[in-house]
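For reference, the structure discussed in these notes is given below.
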Amino acid sequence: MSIRASHCAILATALLLGGCAYADDLFGTNWSGEHSTVAAAPPQQQATTYSIPPSQAELNPQPTNSPSSTYDNSSAPTNTIVSQKVQSLRGDLQRLKGNVAQREQELAAARASVQRDSQAYFDTVARINSRLQTGTTPGNPNLVAAWNQAQTSLDRINGDIGQLNRISTQAAADSSLASYLTNATQAAFSLQGAVEEDHRQLTAIQTDTDATTVKLDALLNSVSDEIARQSNYVANERDNLVTLSQAIKNGRLFGPSLASRAFASAPVTRSNLPTRHAEATAHPAATGGNHPLVVIRFDRPNVSYEEALYTAVSRALERKPSATFELVAVAPSAGTAAQVAVNSNASKHNAEDVMRSLTNMGLPADRVTLSATTSADVQSNEVRIYVR
């Protein structure tokens, strides 16, 4: 017993001394009055990085949208009366979206077809004009075949317009379906027997229908603009083909034949009398009392007048865009009756040539009138152009 008591005393003494040492370390002093030295902190160990593999959701290439903001096609029915309506509206919406996507593809195909046919048409017409510009024989069979080819290309463009009209009609029917979907969805919100999930799905259908309607409206506007543009283009080119046909027939770049146009008879005035004194007031009906814009004298063969004529008419239209023009064929009245008749016919043919030049320059034929007269004050045939 004494030995055990002695061991316990020794153990208690050791614990007491250890506590004192701990206290000295804690407060930084020892009981002997000497400052203790604080040991340096051990170096920090390097942090270990652990790799966390991505989850299945992060590996999914298709992001998962919140069902509260985007239409969820996989939403299960709620077995309510409103849920049956939701399923019906969902089917109509999918059909509408499929129709709009198909219309967009059809419009892209029609535009590509128009581009191909227009390019073929322009290439053919350019070859014809180039050949006529350099000179060719009247009724050249090669140019006739090329003209037929251009006509075929223009007919194809007209067929493309028919396809655009069909797309427009189908898109209009799709627009009616979109309107029905919008109204039916709004009405479904007031049906009795619905749960919150039904209204959530109705909201998603309504949002998707509105977005599809915006795309459909843009499609309808695009088709309408395309139809108007191509229709005007084909109408203008029909007229150009008529002009080109006459040019091939004549073997030169002139407008359609004006041989059937009637000449108005200028009233008989003192200018028809063999006196030069009254020539200053000649042709009051034909001239309108003003000076001619252009006077073309056919006193030699192959008179070159087109450039001067174009410049004068262009400036007149700049000053007065609504202006009309009167061409007066003037023939000398001197000589025998047979000579006067020959000169008058030649003067009329000269006026027809000037008229063809004007129409070839783009001036509408209904803005030009023709008349003919004789004058003792001219030595050769003339064509005078007046602005009205």
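All of the numbers you see were taken from the coordinates with simple rules; none came from a lab. Just so it is clear, the structure is predicted and the values come from calculations on it, not from any experiment. Methodologically, a virtual Cβ is constructed for each residue, glycine included, from the backbone with ideal geometry; neighbour enumeration extends over all protein chains shown.
Taking the simple approach of a point 7 Å from Cα along Cα-to-Cβ for both residue 133 and residue 236, what is their distance in nm?
1.8 nm
So if I place +1 on the C-beta of Lys and Arg and -1 on the C-beta of Asp and Glu, and nothing else carries charge, what would the dipole magnitude of the stretch 81-250 be about its Cα centre? I want it in debye, nearest 20.
Details: 16 positive and 18 negative charges, 124 e Å.
Dipole size: approximately 600 debye.
If you find the alpha carbon centre of the stretch 309-388 and of the stretch 186-235, how far apart are they in angstrom?
Computed from Cα coordinates, the inter-centre distance equals 61 Å.
Let me check I've understood the local charge: for residue 298, count other residues with C-beta under 15 angstrom from its C-beta, Lys and Arg +1, Asp and Glu -1. What total comes out? If you can, show how the numbers build up before the last one.
Details: positive: 297, 300, 348, 356, 384; negative: 299, 306, 352, 353, 382.
The answer is 0.
From the Cα gyration tensor of the stretch 81-250, with a ≥ b ≥ c the square roots of its eigenvalues, which class applies: rounded if a/c is under 1.5, or else prolate if a/b is larger than b/c, or else oblate? Could the numbers behind the result be given before it?
Details: a/c = 5.59, a/b = 5.00, b/c = 1.12.
Because a/c hits 1.5 or more and a/b exceeds b/c, the stretch 81-250 counts as prolate.
May I ask you to list the aspartates and glutamates whose Cα is less than 17 Å away from that of residue 320, ignoring any residue fewer than eight positions away on the same chain?
Filter leaves 366.
Where does each of 356-362, 169-175, 232-238 land if you order them by average Cβ count within 10 Å, highest first?
Packing proxy ranking, top to bottom: 356-362, 169-175, 232-238.
How much net charge surrounds residue 186 when only the other residues with a Cβ under 13 Å from the Cβ of residue 186 are counted, with Lys and Arg +1 and Asp and Glu -1?
Net charge around residue 186: 0.
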